[in-house]
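Let me begin by presenting the structure, written as structure tokens, before commenting on it.
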Amino acid sequence: MMPSLILATAVRYLLPLLLLLSIFDLLRGHNAPGGGFVGGLVAAAAFALYALAFDVPQARRVLRVDPLQLIGGGLLTAAASGLPALLQGRPFMTAWWGPWLLPVLGKMGTPVLFEIGVYLTVLGVTLLIIFSLAEG
Amino acid sequence: MFLLIVIGSGLGGALLAPLLYRLRPSAAGRLLALLPAGFFLYFVALVRSLEAGKALTASFAWVPGLDFHLSFYVDGLSLLLALIISGIGTLVTIYAESYLAGDPLRGRFYAYLLLFMTSMLGVVLSGNVLALFVFWELTSLSSYLLIGFYHHQEDSRGAALQALLVTGAGGMALLAGLLLLGQVGGSYELRTLLLRGEEVRSGPLYPLLLGLVLVGAFTKSAQFPFHFWLPGAMVAPAPVSAYLHAATMVKAGVYLLARLSPVLGGTGEWQFLLPLGGVLTMGMGAFLALLQEDLKLLLAYSTVSVLGILVLLIGLDTTLSMQAAMVLLVVHALYKGALFLAAGAIDHATGTREISRLGGLVRFMPITTAALALAAFSMAGFPPLLGFISKELLYEAKLQAGSAAPFVTTAGVLANVFLVAGAGVLSVPFLFGRGLSVPRPPHEVPVGLWLGPALLAGLGLVIGLWPGLIDRTLVAPAVEAIRAQPTEVRLALWHGLNPVLLLSSGTILAGAGVFLLRHRVQQGGRWMAGLGRWGPARWYAVGLSGLDGLARVQTRWLQGGPLRQHVGIVLITTLGLVGWTFSGQLGGIHLPGWPPQVRTYEGMVVLMILGGIVATARASSRLTAVVALGVVGYGVALLYILFGAPDLAMTQFAIETLTVILFVLVFPRLPRFTLRSRPWQRGRDLVLALLAGAMMTGLVLAVVVRPFQSRLSPFFAENSVPLAQGRNIVNVILVDFRGIDTLGEITVLAVAALGVYALLKLCLDREVGGEESQ
């Protein structure tokens, strides 16, 4: 990676903004364009930019979690989001919504948990591939 | 119900075992043994309450739409096996604690063992044939994990794979057979099927159905010609061999045949095929057992032989033969379990399993050798052990087998003679021999290791002396369950002087004779066993390597060489198939009118895309090509926006960006950018590309003409808000209506990523040379 001062400086500001954008995309998905897939991709792009601007070990440090564990955690969350329905005697993955309306996040329910699972998985998958390619 | 708790706690125990081992390594084995012990006590209690002769049933919905329920059907037959499974399971768990002491993977072993035990219990307690199949396959899976426990050894891995492939292929056949059975019998529930025997047997599908089920049962119970995986599985640790390959898993096929005999039995095919397979297996197993020098292999082949006897008895299809089969089930579990556990203890203490080097072991390992000898005498059928009672019942059943009696009895006597000789080979040298030369100083083993063999062998003696302990409570209910009529079973050591006694004493004498002449027999037998080199084991090896070779040749032909070649083959095939369909079936293409009704900005986006394509094809550096490709991608995303698909466009934008980043990361590793194709090749590729594009265009134009009324779009549009509480219909479909599809997709993503990761990490220093990625 050729060190570029412009990219390095810009990425330092872009990373938190892009992560915020990715979470925004994630949470608005139910009622407006967005969702777990796009959120995960945007977050992955953010970390990939960071890896381009600096280097992969630093990007891994900022990520803090190993991409493999992100994948596992994401799949687990997504699968677990279907379990509350089983406990209620309904088919696996029947949505269960909470009655309360949170101020910023909106309605909470198992589909949101599923979206988060998808987000984490996509993030993990993309970063696993990108980091492995970059490290060589 | 309680049965569900049994299965659930078994699975839970399997999941928690490694954790428990990590927390309390010294006590984990004993604590975990409480689980099978608890099951055993529960089943003993059930024995009392079931003496009325009715079956205990319970049912839980699993997939109601397919008549696939988690049902339980517990009668005498199930209980007999359940007691064996849980009882020997307890002893094996305790044994494993000492046998695997010091092994860091012991927690994992317990997990696999408990998983196996639970699935085996599921097989014998199940009341729905589909649920039975699920548990059946689970036993194959856990057996794979257990046989391959010493996974760093190549022969362990090979043997585990062999067992898995053979029993798995049999499992496929079994599934087909069970599905047919359910169709013909009208239900997958056992209690219904057991009443529909007449319909099943008289239907035209009966032979096919029977054949498939037999393949499944024969592979699992190591009948000829599927027997070869069992001796191979002896690389497993001793507790595994004792539990799976002597007492329980190999009996699953026998159980299935016994369980389905009211439905499938009683016909000419049944009474021919089963005895045929049984006799072949019985004879071959007994003979080969005598030729072995390794203790465990001798035990393995004799197990194969006894499994053959069991199948033969079930094939004879009389009440007496079923009685003999049930008693043999119990006897064999007791003595074989004891023998395998003792063999493992000997191996553990001395470091070898070669009989010739273990002479006179009794001086150093009295308890273990005594248990071994007792069990061996039961195997040989000496009174007053239970084995004697079992042998007498065998002969009685064979003598009354109708027209086949002479043949069957003769074969039985021959096989038993060899088994007696085999029993001699594995006990006499230890007791009276000399010349102990072993790697490790021999010493008696700790309690955990001799408790199992001693208890099991002792039981053989005790029940032999007091057969009343099991004849009314265990054997009779089992036989009644199979024959569906009340039966009286009275086991006794002495039945008076009759032909059966003559046969059994003759067998013992002849066996002793063969034993004394064993070296002669072994020499003679070895050339015959040499024929085995062209036997089923060889076919398996040839088949497997043939499959490998075929895959290699086909991949090199279709997918080797430049990527352009592979893509070209795919395109030509698709063009050919679609073109052929087009010419035959689809109607004409509806060409849009001229001038085209395109808005200015739409036209600009299309021009941008076209420009990007031309730039990509004519680029003189990789970076240019990638950027131009990115322009094409962004253009397509813009089209998505223009035509009202914002989610798709967002995803496309993100993917294009990431692809560019990906390419930039890969560039440094690729060889120099050069022109690798000649002009005529490029011309050919251009024509191919244009044809493919024209095909897709034509396809779309032809499809658009047809009337298209979707019931899905209005449904989703109407129900998105009330049912799924979301206004973004696309997202709602992905996450809610079709959530399980998405779950599958992200799993596939994860697996693909793991594959890429593995490939990248494996090509550490190697040049990625042979694959040109142009």
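Pairs are defined by a Cβ separation below 9 Å, a sequence spacing of at least 6 or placement on different chains, a first member in the range A:29-55 that is without any contact (Cβ under 8 Å) to a residue 12 or more places away in the chain, and a second member that is charged (D, E, K, R) and part of a loop (DSSP other than H, G, I, E, B); the pairs so defined are A:A32/B:R727.
Between B:L623, B:L665, the distinction of being in contact (Cβ under 8 Å) with a residue 40 or more places away in the chain, within 14 Å of another protein chain (Cβ to nearest Cβ) and of a type outside the set (D, E, K, R) belongs to B:L623 only.
Within the range A:71-82, the set of residues being surrounded by 14 or more Cβ atoms within 10 Å (Cβ to Cβ) and more than 10 Å from chain B (Cβ to nearest Cβ) comprises A:G73, A:T77. For the condition crowded, with 24+ Cβ neighbours inside 10 Å and of a type outside the set (K, R), what is the one hit in A:G106, A:G124? Just a single option satisfies the conditions, and that option is A:G124.
Taking the range A:49-64 on its own, how many of its residues are of a type outside the set (A, V, I, L, M) and either under 16 Å from the mean Cα position of the chain (by Cα) or surrounded by 14 or more Cβ atoms within 10 Å (Cβ to Cβ) (or both)? Walk me through it before giving the result.
Applying the first criterion (of a type outside the set (A, V, I, L, M)) to the range A:49-64 yields A:50, A:54-55, A:57-58, A:60-61, A:64.
Restricting the remaining residues to those that are either under 16 Å from the mean Cα position of the chain (by Cα) or surrounded by 14 or more Cβ atoms within 10 Å (Cβ to Cβ) (or both) gives A:50, A:54-55, A:60, A:64.
Total meeting the criteria: 5.
Inside the range A:94-106, residues that are assigned to a strand (DSSP E or B) and at the interface with chain B (Cβ under 7 Å from one of its Cβ atoms) make up a count of 1. For B:M696, the conditions (1) without any contact (Cβ under 8 Å) to a residue 24 or more places away in the chain; (2) within 30 Å of A:L123 (Cβ to Cβ); (3) not small (G, A, S) are fulfilled apart from (2). Of everything in the range B:676-695 that is of a type in the set (A, V, I, L, M, F, W, C) and loosely packed, with under 12 Cβ neighbours inside 10 Å, the residue that is farthest from the chain's Cα centre (by Cα) is B:W680.
Are any residues in the range B:459-500 part of a helix (DSSP H, G or I), in contact (Cβ under 8 Å) with a residue 24 or more places away in the chain and under 26 Å from B:L339 (Cβ atoms), and if so, which ones? Of everything in the range B:459-500, those that are part of a helix (DSSP H, G or I), in contact (Cβ under 8 Å) with a residue 24 or more places away in the chain and under 26 Å from B:L339 (Cβ atoms) turn out to be B:L459, B:G460, B:L461, B:I463, B:G464, B:L465, B:I470, B:T473, B:L474, B:V475, B:A478, B:V500.
Is it fair to say B:Y21 is of a type in the set (S, T, Y) and assigned to a helix (DSSP H, G or I)? Steps first, please.
Details: of a type in the set (S, T, Y): yes; assigned to a helix (DSSP H, G or I): yes.
Judged against the criteria, B:Y21 is a match.
In the range B:300-326, the residues that are under 17 Å from B:A481 (Cα atoms) form Cβ pairs under 7 Å with partners that are part of a loop (DSSP other than H, G, I, E, B) and of a type outside the set (A, V, I, L, M), at six or more places apart or across chains, as follows: B:D317/B:G265; B:D317/B:G266; B:T318/B:Q400; B:T319/B:T487; B:L320/B:Q400.
Of the listed requirements (1) within 14 Å of chain A (Cβ to nearest Cβ); (2) at pLDDT below 85, B:A717 misses just one: (1). Counting only residues that are at pLDDT 80 or above and of a type in the set (F, W, Y), the range B:498-552 holds 3 of them.
Give the range B:378-391 a look and list any residue that's under 36 Å from the mean Cα position of the chain (by Cα) and either within 20 Å of B:L307 (Cβ to Cβ) or surrounded by fewer than 24 Cβ atoms within 10 Å (Cβ to Cβ) (or both), or say none. First the steps, then the outcome.
At the first step, the residues of the range B:378-391 found to be under 36 Å from the mean Cα position of the chain (by Cα) are B:378-381, B:385-391.
B:S378, B:M379, B:A380, B:G381, B:L386, B:G387, B:F388, B:I389, B:S390, B:K391, listed by residue number.
For B:G10, the conditions (1) surrounded by 13 or more Cβ atoms within 10 Å (Cβ to Cβ); (2) more than 30 Å from B:V327 (Cβ to Cβ) all hold with the exception of (2).
The combined condition, being at the interface with another protein chain (Cβ under 7 Å from one of its Cβ atoms), part of a loop (DSSP other than H, G, I, E, B) and more than 26 Å from A:I6 (Cα to Cα), is not fulfilled by A:P91. Which pairs do you get when a residue that is over 15 Å from B:Q292 (Cβ atoms), found in the range B:512-528, comes within reach of a residue that is surrounded by 15 or more Cβ atoms within 10 Å (Cβ to Cβ), reach meaning Cβ atoms under 8 angstrom, with the pair 6+ apart or on two chains? Pairs found: B:A512/B:V420; B:A512/B:A421; B:A512/B:G424. Consider the range B:36-55 and keep the residues that are of a type outside the set (G, A, S) and part of a loop (DSSP other than H, G, I, E, B). The one that is modelled with the lowest pLDDT is B:E51.
A count restricted to the range B:62-119 and to residues that are assigned to a helix (DSSP H, G or I) and of a type outside the set (V, I, T) stands at 33. Give B:Y73, B:Y110 a once-over and let me know the one that is touching a residue at least 60 places away in the same chain (Cβ under 8 Å), on the phi < 0 side of the Ramachandran plot and out of contact with any Pro (no Cβ under 9 Å at 6 or more places or on another chain). None of the other options fit; the residue is B:Y73. Taken together, the residues in the range A:107-136 that are facing chain B (nearest Cβ under 10 Å) and more than 17 Å from the chain's Cα centre (by Cα) amount to 7. For the criterion of being modelled with pLDDT under 90, more than 48 Å from the chain's Cα centre (by Cα) and not polar (S, T, N, Q), B:F673 passes.
The values are calculated or read from the model by the stated rules, or taken from the named source; none is laboratory data. Quick caveat, the model's predicted, so the values are computed rather than measured. Counting neighbours? That spans all protein chains shown, and the Cβs are built from the backbone with ideal geometry, glycine included.
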